[in-house]
């Protein structure tokens, strides 16, 4: 069976201060139909750039190498027109900040129906009727009135729901969601995630979900990929990732989270700061911050290897026994 | 490539800061019936006004060396409370007392403003916009020392090194501009700058919210170290309940300007009584979490 999305050995260089700088290195991941895959990582890890590459939405002069295939077909040599068609019909992005990505001078109705009317040639009235139905599905009451309103008249949570509705309107097979709930309050976040969860179950939509929140990724996805300095360092199921992380970065990141249910006298911290791909030293990108570093780590870049169904990029993955919580012997103290 | 030097606190000798911190009799902060009403223009041509109550009757007391969390969602009034405490916003009702002195009315003189500044300092959320991009780190801290303390130039130079060291920055990092530092390092500078005034109370307004998880852990540990060493009181404003658990001993939950619950942090997070507090806790993703649809905000 072909993968819905198959990213293979993707590397991306962007122009920063008139120089090409690496932002993604040898990224390989698949997304199957109706599957939710999360990309988690800290700033500069390359999670957003991975999603942007899939839609060919890189900044000007960005260079991509490797392969991105959708439904068995490579997109690497697609023309601009093909990309436009791809974005208009098969894959769509939900951005983090709805206020920054929805045109403030257009009414919600025009924003929602633009793709249908322009790209699909649908009648405007029919498109508006469908938009109204979808707004109600994502939990917005009084949809007819909302369609006539401008973005500033809606709260952040409501506007993000409108953005989700706009993506659903084109019925894509793949949704790329870039921190879609980060700008929202926790209660609104729970609501928006519940909506996305319902919709993917009903419509069999696949999702590449980008977040810095490990808990959110675990609760919502089938598989989680952890990124660091432009590399994917580990791909695992949420359960496996939390019970038996394989990469020292994953384990350290999990341990450094403040826990909701207990006070930790001192959070186990990772020294230093997260690196971007272009700053990463030769060899393993995490070596400078890794408590298990050895001579070989500075030598060669660890290649992805398969351990118990998970993919990990660490020279010592086979010998290390890592834990994800401070008091891991007793497991999670609450649930 | 600049490398962050992370000090664990144990390797730094207790600096004179701990002894110098002003002694206060009674609570460090005492707030009674605090209220803020904003006049919002609305209607045709802005001729009609309506009153928007941002904070309605908040009362709390904070002892020296303790830490109070103020939690709530956007529009809860938590930042408005912080702004009223430090005097960026006037108050519409109630009283504020910090370090034994009333500051309910606007400061009338420069010396009064300066004194208030030396009693209470604030650290903002965004380390990218809260530092002057053209001012070196040393100069930024030096300015605060000059303003609030009587010191010779040599003493100030020494003190800057101590302060940088206390927040885990090197002497070399003091001579650079903010743009040469990472987000976490800048937040350390913002904390060092606040500590420079030797305040009795530190207000932290979402001070770790914009930071990466691994950096957030470093700053949380740093804040806990500083409180232990200096006996400073914190008012810690955050939407993140897990972080509030780590940094505070008491918590106040705000909803639309009204305090719905307040008490010991552990009690509030372990056995919440108010429905809204329960909803906030249920909304935090954790293992086994199933999001619920609660309807439009």
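Measure nothing but the geometry: give the 0 to 90° angle between the long axis through the Cα atoms of B:110-119 and the longest principal axis through the Cα atoms of chain B, rounded to 10°.
Tilt of helix B:110-119: around 90 degrees.
Compare A:267, A:301, A:116 in a GNM of chain A, Cα atoms joined below 10 Å, and give the one with the largest fluctuation.
It is A:267.
Can you put B:161, B:96, A:235, B:81 in order, fewest other beta carbons within 10 Å first?
Final ranking by Cβ density, sparse to dense: B:161, B:96, A:235, B:81.
Can you compute the helix-only [θ] at 222 nm over the protein assembly as shown? Use -39500 (n - 2.57) per DSSP H run of at least 4 residues, normalise by all residues, nearest 500 deg cm²/dmol. Walk me through the numbers on the way to the answer.
Details: 22 runs with 213 residues, N = 632.
My calculation for the protein assembly as shown gives -10000 deg cm²/dmol from helical runs alone.
Is the range B:207-260 rounded, prolate or oblate when judged by the Cα gyration tensor, a ≥ b ≥ c being the square roots of its eigenvalues, rounded requiring a/c under 1.5 and prolate requiring a/b larger than b/c? Walk me through the numbers before you get to the answer.
On the way: a/c = 2.68, a/b = 1.36, b/c = 1.97.
Since a/c reaches 1.5 but b/c is at least a/b, the shape of the range B:207-260 is classed as oblate.
Just to be sure I follow: if Rg is taken over the C-alpha atoms of the range A:245-330 and Rh is the Kirkwood radius over the same atoms, what is Rg/Rh? Numbers along the way, then the final one.
Working: Rg = 13.9 Å, Rh = 14.1 Å.
Rg divided by Rh gives 0.99.
Report the calculated FRET efficiency for residue A:81 and residue A:103 (r = Cβ-Cβ distance, R0 = 22 Å), to the nearest 0.05.
Details: r = 23 Å, r/R0 = 1.04.
The pair residue A:81/residue A:103 has a calculated efficiency of 0.45.
Please arrange B:258, B:55 by counting, for each residue, the other beta carbons lying within 10 Å of its beta carbon, fewest first.
B:258, B:55
In Å, what is the Rg of the alpha-carbon atoms in chain B, and how long is Dmax?
My reading of the Cα-based Rg and Dmax gives 19.9, 64 Å.
Bin by bin, in steps of 10 Å, what percent of the Cα pairs in the range A:137-248 do you find, going until the bin that has the longest distance?
12, 41, 31, 12, 4, 0
So what's Rg/Rh here for chain A, counting alpha carbon atoms and using the Kirkwood radius for Rh?
Values: Rg = 20.9 Å, Rh = 21.2 Å.
Rg/Rh for chain A comes to 0.99.
Please report, for the Cα atoms of the range A:178-221, the Rg to one decimal and the Dmax as a whole number; what are they, in angstrom?
Gyration radius and largest Cα-Cα distance of the range A:178-221: 10.2, 27 Å.
If you count, for every residue in A:269-280, the Cβ atoms of partner chains within 10 Å of its Cβ, what is the mean? Show your work: numbers first, answer last.
On the way: counts 11, 7, 8, 9, 14, 7, 1, 0, 0, 0, 2, 0.
For peptide A:269-280, the averaged partner shielding equals 5.
Once you wrap a convex hull around the alpha carbon atoms of the range A:120-176, what is its projected area averaged over all directions, in nm²? Spell out each step's value before the answer.
On the way: hull surface 17.3 nm².
That works out to 4.3 nm², a quarter of the Cα hull's surface.
How big is the shadow of the Cα convex hull of the range B:160-236, averaged over all directions, in nm²? Kindly include the intermediate steps, with their values, before the conclusion.
Details: hull surface 19.4 nm².
Reported value for the Cα convex hull: 4.9 nm².
Taking Cα pairs under 8 Å and at least six residues apart, what relative contact order does chain B come out at, in percent? Mind dumping the intermediate values first?
Details: 541 pairs, mean separation 74.3, N = 297.
After rounding, I find 25 percent.
Could you tell me whether the range B:75-166 comes out rounded, prolate or oblate from its Cα gyration tensor? Rule is a ≥ b ≥ c as square roots of the eigenvalues, rounded for a/c under 1.5, then prolate if a/b exceeds b/c, otherwise oblate. List each step's numbers first, then the result.
Numbers: a/c = 2.56, a/b = 1.55, b/c = 1.65.
Here the range B:75-166 falls in the oblate category.
With contacts defined as alpha carbon pairs under 8 Å and 6 or more residues apart, what's the relative contact order of the range A:180-321 in percent? Mind dumping the intermediate values first?
Details: 157 pairs, mean separation 28.6, N = 142.
For the range A:180-321, the relative contact order is 20 percent.
Can you quote the Å³ per residue value for the convex hull of the Cα atoms in the protein assembly as shown, rounded to an integer?
Working: hull volume 110.8 nm³, N = 632.
Spread over its residues, the Cα hull of the protein assembly as shown gives 175 Å³ apiece.
Counting only other chains, and only Cβ atoms inside 10 Å, what mean value do you get across the residues of B:216-226? Mind showing how you got there, number by number?
Numbers: counts 6, 12, 7, 2, 6, 7, 1, 0, 5, 1, 0.
Mean inter-chain Cβ contacts per residue within 10 Å come to 4.
Would you please calculate the Kirkwood hydrodynamic radius of the range B:222-297 over all C-alpha pairs and express it in Å, rounded to one decimal? Show your work: numbers first, answer last.
Values: mean 1/r = 0.0717 Å⁻¹.
One over the average 1/r among Cα pairs gives 13.9 Å for the range B:222-297.
Which whole-angstrom value gives the distance between the alpha carbon centres of the range B:228-254 and the range B:78-128?
That distance is 18 Å.
Taking only Cα atoms, what is the 0 to 90° angle, nearest 10, from helix B:137-148's long axis to the longest principal axis of chain B?
80 degrees
Quick one: grab Rg to one decimal and Dmax as a whole number for the range A:75-128, Cα atoms only, in Å.
In Å, with Rg to one decimal and Dmax whole: 13.1, 37.
Report, to the nearest 10°, how far helix B:213-230 tilts away from the longest principal axis of the Cα atoms in chain B, using its own Cα long axis and a range of 0 to 90°.
The angle comes out near 70 degrees.
On a C-alpha basis, how far is the centre of the range A:121-164 from the centre of the range A:18-97 in Å? Whole number, if you could?
Spelled out, the Cα-based centre of one part sits 28 Å from the other.
For residue A:43 and residue B:114, FRET efficiency with R0 = 56 Å and r from the beta-carbon atoms, rounded to 0.05? Don't jump to the answer; show the numbers that get you there.
Details: r = 37 Å, r/R0 = 0.66.
Here the calculated transfer efficiency is 0.90.
Between residue B:40 and residue A:61, what's the calculated FRET efficiency when r is the beta-carbon distance and R0 is 56 Å? Round to 0.05.
Details: r = 46 Å, r/R0 = 0.82.
The calculated FRET efficiency here is 0.75.
What residue among A:139, A:299, A:44 has the largest mean-square fluctuation in a Gaussian network model of chain A, using Cα springs under 10 Å?
Of A:139, A:299, A:44, the Gaussian network model singles out A:299 as fluctuating most.
Label residue A:88 and residue B:136 with points 7 Å out from Cα along Cα→Cβ: what is the distance between them in nm?
Those two pseudo-labels are separated by 5.7 nm.
Taking Cα pairs under 8 Å and at least six residues apart, what relative contact order does chain A come out at, in percent? Display every interim value, and only then the final one.
Values: 615 pairs, mean separation 69.1, N = 335.
Answer for chain A is 21 percent.
What is the distance, in nm, between label points placed 7 Å from the Cα along the Cα-to-Cβ direction at residue B:74 and at residue B:180?
Here the answer is 3.6 nm between the modelled labels.
Tell me, A:307, B:70, B:141 in order of fewest to most beta-carbon neighbours within 10 Å? Mind dumping the intermediate values first?
Details: A:307 15, B:70 29, B:141 25.
In increasing order of surrounding Cβ atoms, one gets A:307, B:141, B:70.
How fast does the range A:181-335 diffuse by Stokes-Einstein, in µm²/s, taking the Kirkwood radius from C-alpha pairs at 4 °C and 1.567 mPa s?
Numbers: Rh = 17.0 Å.
Stokes-Einstein gives a translational diffusion coefficient of 76 µm²/s.
Using a Gaussian network model on chain B with a 10 Å cutoff between Cα atoms, which of B:264, B:51, B:132 fluctuates the most?
Residue with maximal mean-square fluctuation among B:264, B:51, B:132: B:51.
The numbers here are math on the coordinates, done by the rules we state, and not lab data. The model shown is predicted, which means the values in this text are computed figures rather than measured ones. As a convention, Cβ positions derive from the backbone with ideal geometry for all residues, glycine included, and neighbour counts pool all protein chains shown.
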